[in-house]
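The structure under discussion appears below in the form of structure tokens.
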Amino acid sequence: SSSAAARGGAGPDFGAGIPVSVHVVTDGSVGDLTTKQIMDQIRVLNLTFAGGEGGTDTGFSFDLAGVTRTDNAGWFHAGPGGVEEHSMKRALRQGGPNTLNLYSTTAGPYLGWAYLPDIVTKPGQVHLDGVVVDWESMLGTSTTYAGRYDQGETGTHEVGHWLNLEHTFYGGCNAKGDFVDDTPAQKSPTSGCPEGKDTCRAPGLDPIHNYMDYSDDPCYSEFTPGQSQRMGDAWLFYRA
């Protein structure tokens, strides 16, 4: 498989700088991020991918490459897979596979969504590549997700997908799980931050502090070395 072909490419000195094109989509004035809020989101990505909250340093860094601003209610309220998502991304997407296109909307009924990097190999789908994040998940935006999803780490989670990470609970308790050996097996997504949660018989408590679970932002603190390797390999295979 393509994921097997991508394995083992990134060495211990791996590093990659990712240009970020931020697309602020609004409904009137709703969702109109400030420059500071945009820069704070970039800062959160740099902190979390560098192991700044306690996890491994993945070698990825992020630089703001540009900002677009569009008032479009249809795009603002769009969910994944519909006409609005396609038209938004066809109109706004910048750069190639190595550019992170980050769309700030309400993300429909979700906190965000992203496509795994093999999307760039699928004819007619390349424009979908990128990350959509609920603008209210960013620092200093609102009280809607106060204390839960308000530290900008929805962005971290979605960029993890963009770099080929599955949820830690992907595959449940089966042996392959999320295809990463050092994230303990996990049957169900986490809500909140329940210390000691353990949903599989395999060794290890559920990785509730992992950015690829569904825990609250204050609970999140890490990517693992195995996840870092998988992201680095995917970067070289699909995006570099």
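The values are calculated or read from the model by the stated rules, or taken from the named source; none is laboratory data. Source: prediction; values computed, not measured. With ideal geometry, Cβ positions are generated from the backbone for all residues, glycine too; neighbour counts draw on all protein chains shown. Accessible surface areas use protein heavy atoms only, side chains included; no ligands, DNA or RNA. Shrake-Rupley method; radii C 1.70, N 1.55, O 1.52, S 1.80 Å.
Tally up the residues in the stretch 51-74 that are in contact with a Phe, Trp or Tyr (Cβ under 8 Å, 6 or more places away or on another chain) and of a type in the set (A, V, I, L, M, F, W, C), please. Count: 2.
Tell me whether the stretch 146-169 contains one or more residues that are in a helix (DSSP H, G or I) and surrounded by fewer than 18 Cβ atoms within 10 Å (Cβ to Cβ). No, there is no match, as no residue in the stretch 146-169 is in a helix (DSSP H, G or I) and surrounded by fewer than 18 Cβ atoms within 10 Å (Cβ to Cβ).
Within the stretch 114-141, being under 13 Å from the mean Cα position of the chain (by Cα) and surrounded by fewer than 20 Cβ atoms within 10 Å (Cβ to Cβ) holds for TYR115, LEU116.
Among the residues that make up the stretch 81-88, is at least one of them on the phi < 0 side of the Ramachandran plot, in contact with a strand residue (DSSP E or B) (Cβ under 9 Å, 6 or more places away or on another chain) and touching a residue at least 40 places away in the same chain (Cβ under 8 Å)?
Initially, the stretch 81-88 is screened for residues on the phi < 0 side of the Ramachandran plot, giving 82-88.
Applying the additional criterion that residues be in contact with a strand residue (DSSP E or B) (Cβ under 9 Å, 6 or more places away or on another chain) yields 85, 88.
The next check asks that each one be touching a residue at least 40 places away in the same chain (Cβ under 8 Å); those that pass are 85, 88.
For the stretch 81-88, residues on the phi < 0 side of the Ramachandran plot, in contact with a strand residue (DSSP E or B) (Cβ under 9 Å, 6 or more places away or on another chain) and touching a residue at least 40 places away in the same chain (Cβ under 8 Å): present.
May I ask you to verify whether GLY108 is under 20 Å from the mean Cα position of the chain (by Cα), of a type outside the set (A, V, I, L, M, F, W, C), modelled with pLDDT of 95 or more and not in a strand (DSSP E or B)? Criteria not met by GLY108. Among the residues of the stretch 200-224, the one identified as of a type in the set (Val, Ile, Thr) and within 25 Å of TYR145 (Cβ to Cβ) is ILE208.
Assess whether LYS197 counts as being in contact with a Gly (Cβ under 8 Å, 6 or more places away or on another chain), over 25 Å from THR106 (Cα atoms) and not in a helix (DSSP H, G or I). Even if it seems obvious, please write down each step before you answer.
Values: in contact with a Gly (Cβ under 8 Å, 6 or more places away or on another chain): no; over 25 Å from THR106 (Cα atoms): yes; not in a helix (DSSP H, G or I): yes.
When the stated conditions are applied, LYS197 does not pass them.
May I ask you to say which residue of ASP206, ASP181 is surrounded by 19 or more Cβ atoms within 10 Å (Cβ to Cβ) and of a type outside the set (A, V, I, L, M)?
Exactly one of ASP206, ASP181 is surrounded by 19 or more Cβ atoms within 10 Å (Cβ to Cβ) and of a type outside the set (A, V, I, L, M), namely ASP206.
All of (1) out of contact with any Cys (no Cβ under 7 Å at 6 or more places or on another chain); (2) over 23 Å from MET231 (Cβ atoms) hold for PHE179 with one exception: (2).
Among the listed residues VAL180, VAL120, which satisfies the condition of being modelled with pLDDT of 95 or more and part of a helix (DSSP H, G or I)?
On the way: VAL180 fails: part of a helix (DSSP H, G or I).
Checking each option against the conditions leaves just VAL120.
Does ASP217 fit the bill of being open to solvent by less than 30 Å² (accessible area, probe 1.4 Å) and at negative phi? When the stated conditions are applied, ASP217 passes them.
The single condition among (1) crowded, with 17+ Cβ neighbours inside 10 Å; (2) of a type in the set (S, T, N, Q); (3) assigned to a loop (DSSP other than H, G, I, E, B) that ASN174 does not meet is (1).
Being touching a Cys at 6+ places or on another chain (Cβ under 8 Å), in contact (Cβ under 8 Å) with a residue 60 or more places away in the chain and not aromatic (Phe, Trp, Tyr): is that true of ASP216 here? Quick ask: steps written out before the conclusion?
Values: touching a Cys at 6+ places or on another chain (Cβ under 8 Å): yes; in contact (Cβ under 8 Å) with a residue 60 or more places away in the chain: yes; not aromatic (Phe, Trp, Tyr): yes.
The answer is yes for ASP216.
Selection of first residues in the stretch 128-152 that are farther than 20 Å from ASP32 by Cβ and at pLDDT below 95 and of second residues that are of a type outside the set (Gly, Ala, Ser) and crowded, with 17+ Cβ neighbours inside 10 Å, restricted to Cβ pairs under 8 Å at least 6 apart or on distinct chains, gives the following pairs, ordered by first then second residue: GLY147/ASP216.
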